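So the structure is just underneath, and the comments pick up after that.
The values are calculated or read from the model by the stated rules, or taken from the named source; none is laboratory data. The model shown is predicted, which means the values in this text are computed figures rather than measured ones. As a convention, Cβ positions derive from the backbone with ideal geometry for all residues, glycine included, and neighbour counts pool all protein chains shown. Quick note on the areas: whole protein, heavy atoms, side chains included, nothing else; ligands and nucleic acids left out. Shrake-Rupley method; radii C 1.70, N 1.55, O 1.52, S 1.80 Å.
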Amino acid sequence: DGQVRRQLARARENLDAVDVPSETVEQAARLCMQLGTDGLRGELTLIRAARALASLEGRDVASIDDLKRVAPSALRHRLRRDPLDESGSSTRVQRAIDELFGE
């Protein structure tokens with residue numbers, strides 16, 4: 001419990017030092033456009049979550065891999081609902097990640 005608190009405290013302290021390269025920002029925007037998220041908030045949320053993950057793991061640069069890891073939880077609630085698509089929101093996000101990043 002104490003170790004997790006220290007890790008979170010370090011992550012908070014180092015968050016402002018985490019850089020997001022322009023390529024990562026561009027890929028975040030492309031993913032949000034592909035998913036049809038509402039407004040720019042999806043992109044901002046995705047970038048903030050990627051920065052937080054990088055900081056938590058002690059890194060000073062947020063990567064595209066960070067985007068892919070946080071996208072399902074950061075974006076699933078921002079998707080427009082398609083009544084004809086029976087797949088869950090997380091599945092839709094993962095499908096878009098696979099298409100965009102070729103996995």
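May I ask you to derive the relative contact order of the chain, considering only C-alpha pairs under 8 Å and at least 6 residues apart, and to give it as an integer percent? Could you put the intermediate results ahead of the total?
Working: 112 pairs, mean separation 31.7, N = 103.
Answer for the chain is 31 percent.
In the context of the full set of protein chains, residues of the chain present 64 Å² of accessible surface per residue (probe radius 1.4 Å, heavy atoms only). Placing a label point 7 Å from the Cα of Glu13 along the Cα-to-Cβ direction, the residues of the stretch 36-65 with a backbone N closer than 16 Å are 55-60.
Working with all protein chains in place, sort Leu31, Leu8 by solvent-accessible area computed with a 1.4 Å probe, largest first.
Details: Leu31 0, Leu8 75 Å².
Final ranking, largest accessible area leading: Leu8, Leu31.
Within 10 Å, at most 16 other Cβ atoms, and a DSSP state outside H, G, I, E, B define an exposed site. Report the longest part of the chain free of exposed trypsin sites (Lys or Arg not before Pro). Spell out each step's value before the answer.
Numbers: sites that count: Arg59, Arg80, Arg81.
Answer - 1-58.
Starting from the residue with the highest accessible area, list Asp98, Asp66, Asp16 in decreasing order, probe 1.4 Å. Can you show the working numbers first?
Working: Asp98 55, Asp66 0, Asp16 135 Å².
Most to least solvent-accessible, the answer reads Asp16, Asp98, Asp66.
Whose amide H sits under 5 Å from the amide H of Val61, counting only residues 5 or more places off or on another chain, with H placed in the peptide plane? Residues meeting the amide H criterion: Asp19.
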